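Student: One structure is given below, represented as structure tokens, and several questions about it will come after.
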Amino acid sequence: MSPEKNNKKIDKYDRIIDAAIKVFARKGFHKARVSDIADEANVADGTIYLYFKNKDDLLITIFEEKLQEIIDLFIAKLRGEPDPVSKLARFICLHFSMMEQYPDLAAILTVELRQSHKFMREYTPQKFGEFLKIITGIVIQGKDQGLFKEDAAPGVVKRALFGAIDEMGTFWMLAPRVKRGKYSTQDAAKQVCDIFIRGLLKDPALWDSKKAEFFKQKGGEL
């Protein structure tokens, strides 16, 4: 295949992925049709099937590829943080910030994936496990440095933290705008940080002494 043809193939693939995110977020997974995605991507209906078996396959591909991008972004951003306390706060803020800046993708990852029976019953979400390992690594580092409580179980912390963020994300996606306005993503990020970081620290005063400066410098930016 010539470089020009290969570039065109990649371009169509990317357009289909981007179009599917918009259509799934706008119409919902079940109501969205392959023809809707083709129209949004400006390709023929049959072109979709050159790259994907069906809607479920397309949804799972979005999950895998976009979550890998998120994992890479989080790892890069956390690398610049000086300690596990700042890393955990940064992780939480990044999650809420992305939710607000990329609402269509957030709707896919938070709501629409649960509408796919294939995803819920048959798919093993390895990428999701890799994502949660980021939290595990932070908790282990905090314990090794004597900052976090010895009895803090990384497996419990990672699931509890993600569960809290995921629930807020679901609320953000599904609640009417007037109700959603009571809880900005930034306010939610600050409260989740307070709950989890203070709960993990042996000395909660450590977080109290640094959180104002943290949110002033980095809290809301990606």
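The values are calculated or read from the model by the stated rules, or taken from the named source; none is laboratory data. Not measured: the values here are computed from a predicted model. Note that each Cβ is placed from the backbone with ideal geometry, even for glycine, and that neighbours are counted across all protein chains shown.
Student: Within region 27-43, how many residues are touching a residue at least 40 places away in the same chain (Cβ under 8 Å), surrounded by fewer than 18 Cβ atoms within 10 Å (Cβ to Cβ) and on the phi < 0 side of the Ramachandran plot?
Tutor: The qualifying residues number 1.
Every residue, every condition in (1) part of a helix (DSSP H, G or I); (2) surrounded by 15 or more Cβ atoms within 10 Å (Cβ to Cβ); (3) out of contact with any Pro (no Cβ under 8 Å at 6 or more places or on another chain); (4) assigned by TED's automatic domain parsing to the domain that holds ASP72, yes or no:
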| site | (1), (2), (3), (4) |
| --- | --- |
| ALA107 | yes, yes, yes, yes |
| THR124 | no, no, yes, yes |
| ILE134 | yes, yes, yes, yes |
| GLN141 | yes, yes, no, yes |
| CYS193 | yes, yes, yes, yes |
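Student: Something else: Please give the number of the condition ARG114 fails out of (1) over 23 Å from PHE214 (Cβ atoms); (2) surrounded by 20 or more Cβ atoms within 10 Å (Cβ to Cβ); (3) not hydrophobic (A, V, I, L, M, F, W, C).
Tutor: Unmet for ARG114, out of (1) over 23 Å from PHE214 (Cβ atoms); (2) surrounded by 20 or more Cβ atoms within 10 Å (Cβ to Cβ); (3) not hydrophobic (A, V, I, L, M, F, W, C): (2).
Student: Name the single residue, out of those in region 163-191 being assigned to a helix (DSSP H, G or I) and surrounded by fewer than 11 Cβ atoms within 10 Å (Cβ to Cβ), that is modelled with the lowest pLDDT.
Tutor: Going through the qualifying residues, I end up with VAL178.
Student: I've got another one for you. Mind checking which residues of region 64-103 are among the basic types (Lys, Arg) and either under 23 Å from ILE17 (Cα atoms) or surrounded by fewer than 15 Cβ atoms within 10 Å (Cβ to Cβ) (or both)? Please lay out each step first, then the result.
Tutor: First, pick out the residues of region 64-103 that are among the basic types (Lys, Arg): 66, 77, 79, 87, 90.
Selection gives LYS66, ARG79.
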